[in-house]
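Everything on this sheet refers to the single structure shown next.
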Amino acid sequence: MSIEKKFEDAGGNFINSYPWFVTKLSHIKAFLFDWDGVFNAGAKGEGLSSGFTEIDSMGLNMLRLSYWLTNNKIPLIGIITGQNNQSAIQLAKREHFNAVYYGFLNKKTAFEHFMAQNELEPAQVAYVYDDVLDVAVADTCGLRIYVKNSGAPLFEDFIEENSLADYIPACKGHSNAVREVCELVIGINGNYNETIKERISFNPLYEQYLAERNSIETDFVKEEIVV
């Protein structure tokens, strides 16, 4: 079964076309993620935590390994969140992401800073997002993945009508949308089996990748620092 059919049969939606998505992905050097509603359901309140799952974390590790096996370098990974999400900071530290931007209500400011810091063009950045505050970034970046929620059917229409997404996962934030996105990217890379086997064997090639990944120091950027 083709990658396109596999994900469409599971409920994923390629907004323009699968070949269009593949072409845009070929230019991507960095993956940015919103936090609430993407890694989780976005629940807030006393006693609630907007956390993450190990399923999504493993997906990101495999995505980075897949990219490294193909390009001999690790893709840039970052989070942009409007809140001070300690779970996002925890995951980024543990997994050695490149950057976490937190407290950003104007997320385009963080996006522009990230591009400038890493000498990137908008077409080289993919963004995974879920709601209104993310639209300014989605309107600018190269590859857009919209994680829908069942409570916003009109917003989903808005996203599609204004060409603000290239793919809509079947999974939602509380059901491992991040893992679905990672699996799709690895599948398109054409090295899914190799990636998993390298990870399982923990051989010298994977250890080389891991050493490179673990040498990455995460930048934590508050909104007021960016000018």
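Being under 15 Å from Arg64 (Cα atoms), surrounded by 10 or more Cβ atoms within 10 Å (Cβ to Cβ) and not β-branched (Val, Ile, Thr) is the filter here, so list the residues in the range 187-201 that pass it.
Gly187, Asn189, Gly190, Asn191, Tyr192, Glu194, Lys197, Glu198, Arg199
Has the range 1-10 got at least one residue that is touching a residue at least 24 places away in the same chain (Cβ under 8 Å), outside any helix (DSSP H, G or I) and either under 17 Å from the mean Cα position of the chain (by Cα) or within 11 Å of Tyr167 (Cα to Cα) (or both)?
Let us first name the residues in the range 1-10 that are touching a residue at least 24 places away in the same chain (Cβ under 8 Å), namely 3, 6-7, 10.
So of that shortlist, the ones also outside any helix (DSSP H, G or I) come out as 10.
After this cut, where a residue has to be either under 17 Å from the mean Cα position of the chain (by Cα) or within 11 Å of Tyr167 (Cα to Cα) (or both) as well, the list is none.
Scanning the range 1-10, I find no residue that is touching a residue at least 24 places away in the same chain (Cβ under 8 Å), outside any helix (DSSP H, G or I) and either under 17 Å from the mean Cα position of the chain (by Cα) or within 11 Å of Tyr167 (Cα to Cα) (or both), so the answer is no.
Report whether or not Leu120 is under 22 Å from Lys172 (Cα atoms) and either of a type in the set (D, E, K, R) or at pLDDT 95 or above (or both).
Values: under 22 Å from Lys172 (Cα atoms): no; either of a type in the set (D, E, K, R) or at pLDDT 95 or above (or both): yes.
Answer is no for this residue.
If you go through the range 51-96, how many residues are surrounded by fewer than 18 Cβ atoms within 10 Å (Cβ to Cβ), basic (Lys, Arg) and under 18 Å from Asn118 (Cα atoms)?
Matching residues across the range 51-96 total 1.
Take Phe14 and tell me if it is of a type in the set (Phe, Trp, Tyr), touching a strand residue (DSSP E or B) at 6+ places or on another chain (Cβ under 7 Å) and at pLDDT 95 or above.
So Phe14 fits the description; yes.
Tell me which residues, restricted to the range 97-130, are assigned to a loop (DSSP other than H, G, I, E, B), open to solvent by 40 Å² or more (accessible area, probe 1.4 Å) and either more than 22 Å from Leu63 (Cα to Cα) or in contact (Cβ under 8 Å) with a residue 60 or more places away in the chain (or both). Walk me through it before giving the result.
Here is the first cut: in the range 97-130, the residues assigned to a loop (DSSP other than H, G, I, E, B) are 97-98, 103-106, 119-121, 130.
Imposing the further condition that a residue be open to solvent by 40 Å² or more (accessible area, probe 1.4 Å) reduces the set to 105-106, 119, 121.
Passing the criteria: Leu105, Asn106.
The values are calculated or read from the model by the stated rules, or taken from the named source; none is laboratory data. Note that this is a predicted model, so its numbers are computed, not measured. Note: ideal-geometry Cβ built from the backbone for every residue, glycine included; neighbour counts use all protein chains shown. The area values use the complete protein model at the heavy-atom level, side chains included, leaving out ligands, DNA and RNA. Shrake-Rupley method; radii C 1.70, N 1.55, O 1.52, S 1.80 Å.
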